[in-house]
Amino acid sequence: MGAAPGIAGSRRPEQEGCFLAADDFERDWFVRMNNTGGAVDVWEVRSIDADDLIQSPEGYYYFPGVIAASDLRLVQQDLPPVHHHP
């Protein structure tokens, strides 16, 4: 995470790993949750077996390890933040 806050604005990881979206609905949900105020990139992860994922208490799946850069492909770049209106 470095100095950047988590996608939900937390200062520490929600889990020890990387959350992965299973489908377009989950991808869009994670993008909308962006709390940094900045643009978001969406990456496709290759060569991760679904059996290696762990379900968090909130019901989302994460990979409990490091994902190699060679297993990533940028699919959407600089998606603008979603502004929530009251």
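Structural remarks
- Residues of the stretch 13-34 with amide N under 11 Å of a point placed 7 Å along Cα→Cβ from VAL75: 21-28
- Distance in nm between pseudo-label sites at VAL45 and GLU16 (7 Å out along the Cβ direction from Cα): 1.6 nm
- Zero-based 10 Å bins, Cα pair distances in the stretch 23-69, whole percents: 19, 50, 30, 1
- Under 14 Å, Cβ to Cβ, from ALA69 - net charge with Lys/Arg +1 and Asp/Glu -1: -1
Computed from the coordinates by the stated procedures, all read-outs in this text should not be read as laboratory data. What you see is a predicted model; the values in this text were computed from it and never measured. Using ideal geometry, Cβ is built from the backbone for each residue, glycine included, and neighbour counts are taken over all protein chains shown.
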